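The values are calculated or read from the model by the stated rules, or taken from the named source; none is laboratory data. Predicted, not measured: the structure shown is a model, and the values here were computed from it. So basically every Cβ, Gly included, is an ideal-geometry build from the backbone, and we count neighbours across all protein chains shown. Please note that ligands, DNA and RNA were not included when accessible areas were found on the heavy atoms of the full protein model with its side chains. Shrake-Rupley method; radii C 1.70, N 1.55, O 1.52, S 1.80 Å.
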Amino acid sequence: MNPADAFDPLRPRLLRIAYRMLGIVAEAEDVVQEAYLRWHQTDRTAVRDAEAVLVRTVTRLCLDVLKSARVRREEYVGTWLPEPIVDAVESDDLTLTLMMALERLSPLERAAFLLHDVFGMDFEEVAKAIDRDPAACRQLASRARAHVREARPRFPVSEAKGHELASAFYAASRSGDMGALQALLAQDVVVYSDGGGKVKAALNPIYGQEKTLRLFEGLLRIRGVNYSQLVHEGFIDGLPAFVTLEKDGTLQTTALGIEDGRVVAIYVTRNPDKLRSVRELVRDQLPS
């Protein structure tokens, strides 16, 4: 049998697992391609469950990548955010906010939680994938679950309401209507901005409504009213979001965490290395 016949139908699931583990599309694609090469070299006549074998391979490759990724992220300039996936309203309910919570876990905790709670594998399968016994996997997933529970919104926003709030946020933040912007922000709102040292961005998170308002007031003073061109509205990793071309020529995504009708988190990605797929999506909206 051609190795692709069994592999290709599983590729989307394997990519989702790898992306959820790593947070970077290119790294996820590299892992899945490596898994395919290993699958090609496997004695497939001895394989009873191709999916189990391939999930195990992808998981272990991701764990290897995460070991080096931890070092790279410690050296990362400013705040690290997962690569934005535009218009992803995920059925697994693992939003960008929850992916950030997973970043605080160990690689094994992350793997156990994702494989069991998100991708529906039983702990016997998880144990084989991460080379731990089932009891240890239960403990790993339980610890991860507690972190995710803390980050999960108590009152998830509907898609329609999310679009409405994102549009209102964009209009208020770019028009200079600080009263309207203040009405949208929770008192404990946090702004995360990822420039990766490649473009200008806040190096540390900005906490609180007052400091967030000062941030946008400062941007208005520097860049002027309506300093952004809106090129796309939608969702990013399950959160209401928009894509803009900023006055300095930087492409930018902004995703909003919303709780009880207020914006509690603002995730801004400006690092061009993380926006290649976004640029391709909106290329017709950009100046040539």
query: Going from the alpha-carbon gyration tensor of segment 17-63, what semi-axes, largest first and in whole Å, does one get by taking the root of 5 times each eigenvalue?
result: 21, 11, 6
query: Tell me, what is the per residue accessible area of segment 112-208 in Å², probe radius 1.4 Å?
result: 52
- request: Just reorder Tyr36, Tyr207 by solvent-accessible area, largest first, 1.4 Å probe, all chains present.
  value: Tyr207, Tyr36
message: Just the number please: accessible area per residue for segment 33-74, 1.4 Å probe, all protein chains included, in Å².
response: 63
Spatial separation of Cα centroids for segment 166-223 and segment 263-282, in angstrom: 16
field: Span per principal axis, largest first, for the Cα atoms of segment 11-118 (Å)
entry: 48, 31, 24
field: Normalised convex hull volume, segment 200-275, alpha-carbon set, Å³ per residue
entry: 110
message: Tell me the carbon and sulfur percent of the accessible area for segment 112-199, rounded to whole percent, probe radius 1.4 Å.
response: 50
field: Projected-area mean, segment 131-288, by convex hull of Cα positions, square nanometres
entry: 11.5
- prompt: What Kirkwood hydrodynamic radius, in Å, does the chain give when the mean of 1/r is taken over all pairs of distinct Cα atoms and then inverted?
  reply: 20.2
- request: Rounded to the nearest Å, what's the spacing between the alpha carbon centres of segment 124-141 and segment 2-69? Just the number, please.
  value: 18
statement: Zone reached by a paramagnetic label modelled 7 Å from Arg73 Cα along Cα→Cβ, restricted to segment 262-277 with backbone N below 20 Å, covers 265-276
message: With the cut-off at 25 Å, tell me which of the pairs Lys161/Lys200; Lys67/Lys128; Lys128/Lys274; Lys211/Lys247 have Cα atoms farther apart than that.
response: Lys161/Lys200; Lys128/Lys274
message: Rounded to the nearest angstrom and ordered from largest down, what semi-axes does the equivalent ellipsoid of segment 120-183 get from its C-alpha gyration tensor (root of 5λ)?
response: 43, 12, 10
task: May I ask you to give the percent of accessible area on segment 1-88 that is carbon plus sulfur, with a probe radius of 1.4 Å?
output: 51
query: Over the alpha carbons of segment 41-188, what is the largest minus smallest coordinate on each principal axis, giving the biggest first in Å?
result: 65, 35, 31
